[in-house]
Amino acid sequence: VSRTPRPGRAAIGVDIGGTKVLGVVVDTEGHVVGEARVPTPADPIPAGVGPPGTEVADAVTEVVVRLQVEAGRGAPVGVGVPGMLDHNGFLVFAPNLHSATGSDLAGLLVERLGGEGAAPPVDVQNDANCAALAEHILGAARGTDDALMVTLGTGIGGGIIAGGAIALGARGFAGEIGHMLVDPTGPPCPCGRRGCWERYASGAGLGLLAREGALAGRLPEVVALAGGDPEMVRGEHVTRAASDGDPGARAVMVELGWWVALGLANVTAVLDPERIILGGGLVEAGELFLDPTRRAFLELVEGSAERPPIEIVLAALGERAGAVGAALFAQGGWV
Ligand SMILES: [Zn+2]
């Protein structure tokens, strides 16, 4: 895959995650040469404190200003946001970032970054599309023109690489795979519906599966790690117990892997990817989680024994994928 011409200058990329706003400086070769982070503002924020997106724009601005020391004030800025972003950069709906739903984030940032001179160019993109671009150019999706990026974090994001390009859809909303319905009678989702895939297969989903097991008395080791209260069990307690070899916790990881594979099999029926890249905080559990996912995928995908195998691999750029991809978008010249 040819990627010329290369971008002419360094850029700042910022990824707005569920817990942190992470920024990087990416040079013209795609190397990360600076990093800064602040906590993501609590969500939802009480109404009446400013136009939508105010707090998020303030947090992104803080990160960008810190990185401008390294990159220079004129460096283009890319921002990855979770949710339904239209082709004009308007954040139409963000179920995991309610305070920014209905905001023109690029406009808010240009206002804040302008100061006395002209503001740098600001390019806002969907966060999973950013991760997909970064993995395609620099990471685990190199060498294929048809891949699926899935970010398993607080929620689930999807970035579709089809025919070598990021698929955006008619309005820009393609790849919202976390909100595929897998059980319409399932638990409520922040999007307002029930039983979305991300209720089961995300970090939040792991916590939910674990609390179910804990309350049923199946996870004494995990409950001990959570301080003795089953209601306090979180995903990280399960992954820690599982890596220590606790059979109860390992069973929860197998269950999680089944839910992840269910969604991957459904998306595969639509897209037929050559490779599936898993990123986001959840994949820090590594093989504990990847192995059961691969096994379940083979059982769930159509024509498993007959079709060529589909690789399921971990993202190469880790937690930085979204921020790096946002910088690549801002640089231009890569796609
Ligand atoms: Zn949903």
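A few remarks follow.
- Folded to 0 to 90 degrees: helix 105-114 orientation relative to the chain principal axis, Cα: 40 degrees
- Put simply, when 201-210, 19-28, 148-157, 161-170 are sorted by average Cβ atoms within 10 angstrom per residue, most first, you get 148-157, 201-210, 19-28, 161-170.
- Distance between the pseudo-spin-label points of V69 and R307 (7 Å out from Cα toward the beta carbon): 5.0 nm.
- Rg [Å, one decimal], Dmax [Å, integer] - the chain, C-alpha atoms: 19.8, 63
- The mean of 1/r over all distinct Cα pairs in the stretch 51-203, once inverted, gives the Kirkwood hydrodynamic radius of 16.5 Å.
- Net charge dipole, the stretch 195-335: roughly 140 debye, given to the nearest 20, about the Cα centre with Cβ charges of +1 for Lys and Arg and -1 for Asp and Glu.
- Relative packing of 272-282, 186-196, which averages over residues the other C-beta atoms within 10 Å, highest first: 272-282, 186-196
- Expected 222 nm ellipticity per residue - DSSP helices of 4 or more, -39500 (n - 2.57), all of the chain, to 500: -11500 deg cm²/dmol
- Dipole of the chain, positive end: most advanced residue of W197, G107, L181 [Cβ charges, Cα centre]: G107
- Sequence ranges 62-75, 230-243, ranked by mean other-Cβ count within 10 angstrom, highest first: 230-243, 62-75
- Selection from A261, V81, I310, by position along the positive dipole direction of the chain (Cβ): V81
- When only Cα pairs below 8 angstrom with a gap of at least 6 residues are kept, the chain shows a relative contact order of 22 percent.
- Scaling against 2.2 N^0.38 Å puts the C-alpha radius of gyration of the stretch 20-117 at 1.09.
- Taking the stretch 250-297 and dividing mean pair separation by its residue count, relative contact order in percent (alpha carbons under 8 Å, at least six apart): 70 percent
FYI, it's all coordinate maths here, none of it is from the lab. None of the values given here were measured: they were computed from a predicted structure. A quick note on method: Cβ atoms are made from the backbone with ideal geometry, for glycine too, and the neighbour counts reach across all protein chains shown.
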